[in-house]
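Taking it in order: structure first as structure tokens, then the write-up.
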Amino acid sequence: MGRKRSPARHDYDLVVRGACVYDGSDAPGVVVDVGVRDGCIVAVGTVEGSAAETVDGTGLALAPGFIDVHTHDDLEVIRQPAMPAKLSQGVTTVVVGNCGISASPVRPGGGAGGGGVPDPMNLLGADEEFAYPRFADYRAAVEAARPAVNVAALVGHTALRQNHMDRVDRAASAAEIAAMRVQLRESLDAGALGLSTGLAYASALQAPDSEVLALSEELDGRRHAYASHLRDEFARIVPAMEEAVAIGRHSGAPVRISHLKCAGVDNWGRSTEVLAALEHAALEHRADGHDVACDCYPYAASSSTLDLKQVTGDYDILVTWSEPHPDQGGRLLADIAADWHTTLVGAARRLQPAGAVYHCMDEADVRRILAHPLTMIGSDGLPRDPRPHPRLWGTFPRVLGHYARDAGLFPLHTAVHKMTGLPASRFGLHDRGAIRAGAAADPRDVRGDFIEDGSARPAGRSSGGRSSATAAGSG
């Protein structure tokens, strides 16, 4: 890719000439020039004038910076602000705080009953890393770290529960719900994008829908989203989806179904039914002025902590880490159980706390969900896993290369749309996900912004600013 720099005064900071531009709108690419000035796209078409830097985009594709709508990068953006796992894929914006687990607001050194943070919050980091008792504290830490990606953050239901309950394996009392509501409201006022739940996990499974309905009343309708790791992704996935939609209808909030899948051998082949239920919910919700959507990662295996409820001999379970038995990381649970002369569940108990990859999905279901118009792309990567699922580093290239180019599941412009314009519109990120005049385009030497309520608050500045970068690369 040829670059030329002009030493003189110039009309643009950057001009990309002759690239095939995929503008994020799900339209086919068009060969045009793009001009950038002061971190903003100011011209698209035939761009005249001088530029400090010129890029010859002939034969290359230009897309908006990708938006990863489902991450667990809450602490990673502070620990490793260079964020190579995301920037290497073209991701310039991450949504954190998914599945009911968030880095804030969490009482430092706390946890239900005075212990450490409950599973699966340990996926984010060690107990001592949860040092942000207020959402404003977390936001300040992100802004001080100046990560290389923009950060938008949800508040986790499990984080709220562990702050205000002596134990999380029960329903919250009225007083505890009231305390959680106060903390959620404070977080939303400090810039949180919405509320997330992980109702399938033991740390939230006993929370009745009435508890979540009450919390959702703090969401300001269309302004804040409700994202849910469903209570059941197995046999009762449709009722679980209906529960999530009902919470959105009650609160007025848009609903985001996290990592939609048909998990478990008995559930394989149900994606047509599940997507029909999603479409029906979306149509009903749209009539009320709100919307329903989902995200999906492009793999037929999931990854989380080692959950006894998911232990089965129906498919391979790979143990990725174990605190009491670190030497067993990287081995199949079945092989570990055989060596120990015990059952799968018995081995899983001995390994805990531990992490695992579950080969629990059917490829045909993954493809059907991935291709659906309501589906955005989210990696669900676990950056602290010592043997991370490949989705951490490979989600976006896999969608572009394997599914769009090689398998022909959808055209390239649709793949780009699922990573840019679609998530930007669903999460209200108004100046991102598009190549058009007025959209944001970070220079490569500017760190990311903290995003609240659909707009950026750049680190160290009070308003306005530069956000998600455009990225030139081969198609």
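Laboratory data are not the source of any read-out in this text; all were calculated from the coordinates shown. None of the values given here were measured: they were computed from a predicted structure. Don't worry about glycine lacking a Cβ; one is built from the backbone with ideal geometry, like all the others, and counts go over all protein chains shown.
A full extension of the chain between Asp11 and Arg349 corresponds to an added length of 115.2 nm, given 0.36 nm per residue minus the alpha carbon distance.
Label positions at Ala27 and Asp127, each projected 7 Å from the Cα along the C-beta direction, are separated by 5.6 nm. With each label modelled as a point 7 angstrom along the Cα→C-beta vector, the Ala235-Glu217 pair spans 3.5 nm.
Fraction of C-alpha pairs exceeding 27 angstrom in the stretch 148-273: 18 percent, rounded to a whole number. Against the empirical curve 2.2 N^0.38 Å, the C-alpha radius of gyration of the stretch 224-278 lands at a ratio of 1.11.
Per 10 Å bin from zero, what fraction in whole % of the C-alpha pairs of the stretch 254-365 is there, up to the bin with the longest pair? Answer for the stretch 254-365: a P(r) of 14, 36, 25, 17, 8, 1 percent. For Leu332 and Arg146, the difference between the fully extended length at 0.36 nm per residue and the C-alpha to C-alpha distance is 63.1 nm. For the stretch 44-167, evaluate the Debye formula with one uniform point scatterer on each Cα (no solvent term) and list log10 I(q)/I(0) at q = 0.15, 0.16 Å⁻¹, rounded to two decimals. Here log10 of I(q) over I(0) equals -0.70, -0.76.
Residue separation of Glu284 and Asp406 scaled by 0.36 nm, minus their Cα-Cα distance, works out to 40.4 nm of gained length.
Only helices enter this figure: runs of n ≥ 4 DSSP H residues, each worth -39500 (n - 2.57), summed and divided by the residues of the chain, yield -7500 deg cm²/dmol at 222 nm to the nearest 500.
In the chain, a dipole from Cβ-located charges (positive for Lys and Arg, negative for Asp and Glu) runs towards its positive end, and of Val416, Tyr22, Pro239 it is Tyr22 whose Cα lies farthest in that direction. Among 380-390, 154-164, 336-346, sorting by the average number of other beta carbon atoms lying within 10 angstrom of each residue, highest first, gives 154-164, 380-390, 336-346.
Any chance you could check the Cα centroid distance between the stretch 84-106 and the stretch 203-250 for me, in angstrom? If you average the Cα positions of each part, the centres end up 21 Å apart. Rg and Dmax, both from the Cα atoms of the chain and both in Å, are 22.1, 75.
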